[in-house]
Amino acid sequence: MISNSNDMLLRRFFFQWFTFSLYAFFYWRSTVDKNKAKREKLELENATLRAQINPHFIINSLDFFRIQTMETAPQVSEGLFWFMKTLRAGITTPEQDGKIKFKIEMEAIEGTINTFKLRFPDLQLEENLVVEDKDAIRILPHIILPFVENAFKHGLYTDENHKIQIALFANPDKIKMTVKNKKDKRIKDNSSGIGLRYVKKHLASGYPGKYDLIINDTEDLYTVDLSVQLN
């Protein structure tokens, strides 16, 4: 009888211990998920607040300075022109389906490229941008530009043997893009990867089963291959 009673007590103890451990694990898991969700929400709110700093006032001010410097500092005026192209894309309100005209994203890409050309005369760049019927193409915003920006931000742009490569083909049916750069190891990467996570989520929700994104990240090189089926 004593043995049976001890066995019952032991089983009851282990059952209670197991139940408590299981509860503790799921409570911990729930806490981790909630904290992660809070961080992501805070990051999004911060990004939204930054975007609300009256961008139209900024662009109008830049355009004023662009006009004022056309004769006295034409290179500065040109730089402001291209920089404004990039900024305008960032404040464009998508249509009801969440999409924008592709030419807006294209202007931002061209603005980014030409801004860097002016800033860095020794920029080693190979670009091939081919767009057919751009007025008929509509896409989700900012699914291409972040990869171009990333190449300039982290790429070594002075090596003639490893030029930054940007190739883009687009028509109303599909988009194909390749961006390749040699890493500049002098740059310490402190980025949080929010931009890349945003693009991946945007592609997954907007083009399910209709896109391929391949990122090859090695010690020396960073390559992105993206293809999106639009229709």
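Here, each number is a calculation from the coordinates, and none is a lab measurement. In this text the structure is predicted, and so the values were computed from the model without any measurement. Here the Cβ positions follow ideal geometry from the backbone for every residue, glycine too, while neighbour counts run over all protein chains shown.
State, to one decimal in nm, how far the label point of Lys200 lies from the label point of Leu129, with both points 7 Å from Cα in the Cβ direction.
So the two model labels end up 2.7 nm from each other.
Rank these for me by crowding, Arg138, Arg197, going from fewest to most other beta carbons within 10 Å. Before the final figure, lay out the partial values.
Details: Arg138 18, Arg197 12.
Result, fewest neighbours first: Arg197, Arg138.
Could you run the Karplus curve 6.51 cos²θ - 1.76 cosθ + 1.60 with θ = phi - 60° over the range 72-89 and give me ³J(HN,Hα) per residue in whole Hz, x for Gly and Pro?
Each residue's phi maps through the Karplus curve to give 7, 9, x, 5, 5, 4, 5, x, 5, 4, 6, 5, 5, 4, 5, 5, 4, 5 Hz.
Based on Cβ point charges of +1 for Lys and Arg and -1 for Asp and Glu, what charge dipole magnitude is obtained for the range 112-229 about its Cα centre, in debye rounded to the nearest 20?
Values: 18 positive and 17 negative charges, 90 e Å.
I would put it at about 440 debye.
Let me check I've understood the local charge: for Ile59, count other residues with C-beta under 11 angstrom from its C-beta, Lys and Arg +1, Asp and Glu -1. What total comes out? Provide the component values of the computation, followed by the final result.
On the way: positive: Arg66, Lys85, Arg88; negative: Asp63.
Neighbour charge sum, excluding Ile59 itself: +2.
Would you kindly state how much longer the chain becomes between Ile67 and Ile214 on full extension, computed as 0.36 nm times their sequence separation minus their alpha carbon distance, in nm to one decimal?
Numbers: separation 147, 0.36 × 147 = 52.92 nm, distance 4.23 nm.
Using 0.36 nm per residue and subtracting the Cα-Cα distance, I get 48.7 nm.
Roughly how many nanometres apart are two label points built 7 Å out from the Cα toward the Cβ at Lys99 and Asn231?
Placing both labels 7 Å along Cα→Cβ, they lie 1.0 nm apart.
How high is the relative contact order of the range 95-231, in percent, counting Cα pairs under 8 Å that sit 6 or more residues apart? Intermediate results must be reported in sequence, preceding the final value.
Details: 224 pairs, mean separation 32.3, N = 137.
It comes to 24 percent, rounded to a whole number.
Assuming R0 = 22 Å, can you tell me the calculated FRET efficiency for the pair Phe169 and Asp122, based on Cβ-Cβ distance, to the nearest 0.05? It would help to have the intermediate numbers written out before the result.
Numbers: r = 28 Å, r/R0 = 1.27.
The calculated FRET efficiency here is 0.20.
Farthest toward the dipole's positive end in the range 112-229, which of Phe152, Ile164, Gln124, given Cβ charges of +1 (Lys, Arg) and -1 (Asp, Glu) about the Cα centre?
Phe152
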